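Comments concern the structure below.
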Amino acid sequence: MDLSKFSSPFLIDDICKYLDSITTYNCAAKASVDIALHDLVGNIIGQPWWKMWGFDPEKTPCTTYTIGLADKPEVVNKTKELIEDPHGFKVIKVKLGMTEEADKMMIETIRSVTDLPINIDANQGWKDKHYALDMIHWLNERNVKMIEQPMPKLMLDETAWVRENSPLPIVADEACQRLTDIPHLKGAYDGFNIKLMKCTGLREAREMVSLGESIGMKMMIGCMSETSAAISAAAQLSPKMTWADIDGNLLISNDCYKGMQVIDGKITVYDKPGLGLEVVDNVWGDKKREIRNKESKSKY
Ligand code: MG
């Protein structure tokens, strides 16, 4: 990789296309350069990206918070913790796609604690279209609002049949990684999930938003385990999203940044330049300081 041939950080399009041409893979590494460039350029211009794109910050959706697979008492505890969490989460995300018994236990246990709406991620776990549809009807009676990736990504025809008969919207996740995946999804899914670490960053994600809107598909913004730098980048696009699942920064202990906040469950972006980031003193910073101190002691 040789970025010295680019004379300005404003050449985001050329720089990102060059990076993408080096290899098909390493999308998260490409995203790291893309995110850094967007933050730098936004800071030079002095405006946040949601504003430069013309998006309304009032239209950001609520983000889900995930309750992972666990036994019954643990699910009860996790649900209670979520309800009392100061971020005020309004929608729960639950990952299913295990046995029917385990899937139904998860939902019934959560429902014994709260009626908050639930978004389901089946993680390609339902291999039979009739079973998938039966599960969706069962979930629909329990205040579930959407289903992410019900069937394996290659079972497009079966997914289209499920969607046609489903009372709930069906959203592509594993089936959607890059811009070029989107045309294949039309008809089989109501919407698709955008993850910056999979689509190489904000440059391509912004194009995915335009394509999604032009073909009438709804969108979701998702994440991996990420710092607030990546989460705040994703948040810039969130006014265009129907659904959001950007809780990755809340699940790590070495977040170096402060940016987008979740207030009353809602993604909140600020009128701060770039991605609206501040570097904060944190656990990771302390660890680095410890390492530095050790190094300096050993030297002298
Ligand atoms: Mg998923």
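Name every residue in region 207-222 that is assigned to a loop (DSSP other than H, G, I, E, B) and either surrounded by 24 or more Cβ atoms within 10 Å (Cβ to Cβ) or in contact (Cβ under 8 Å) with a residue 60 or more places away in the chain (or both), in order of residue number. The one that is assigned to a loop (DSSP other than H, G, I, E, B) and either surrounded by 24 or more Cβ atoms within 10 Å (Cβ to Cβ) or in contact (Cβ under 8 Å) with a residue 60 or more places away in the chain (or both): Gly222. Of everything in region 100-134, what is open to solvent by less than 40 Å² (accessible area, probe 1.4 Å) and within 16 Å of the ligand (Cβ to nearest atom)? Give them in sequence order. Answer for region 100-134, where residues must be open to solvent by less than 40 Å² (accessible area, probe 1.4 Å) and within 16 Å of the ligand (Cβ to nearest atom): Asp103, Met106, Ile118, Asn119, Ile120, Asp121, Ala122, Gly125, Trp126, Ala132. Please go through region 90-99 and give me each residue that is in a strand (DSSP E or B) and open to solvent by less than 80 Å² (accessible area, probe 1.4 Å), ordered by number. Correct list: Val91, Ile92, Lys93, Val94. Checking Glu207, Glu141 one by one, the residue that is away from the ligand (no atom under 16 Å from the Cβ), at pLDDT 95 or above and farther than 27 Å from Ala31 by Cβ is Glu141 and no other. Within region 69-89, being closer than 21 Å to Ala122 by Cβ, in contact (Cβ under 8 Å) with a residue 12 or more places away in the chain and in a helix (DSSP H, G or I) holds for Lys72, Val75, Thr79, Leu82.
Note on region 232-270: residues that are outside any strand (DSSP E or B) and more than 16 Å from the ligand (Cβ to nearest atom) amount to 21. Residues that are over 15 Å from the mean Cα position of the chain (by Cα), at pLDDT below 95 and closer than 19 Å to Leu37 by Cβ occur in region 238-256; there is at least one. Scanning region 14-30 for residues that are under 16 Å from Thr180 (Cα atoms) and open to solvent by 50 Å² or more (accessible area, probe 1.4 Å) yields a count of 4.
The values are calculated or read from the model by the stated rules, or taken from the named source; none is laboratory data. Just so it is clear, the model here is predicted, and its values are computed rather than measured. We place every Cβ from the backbone using ideal geometry, glycine too, and count neighbours over all the protein chains shown. The accessibility values were calculated without ligands, DNA or RNA, using every heavy atom of the protein model including side chains. Shrake-Rupley method; radii C 1.70, N 1.55, O 1.52, S 1.80 Å.
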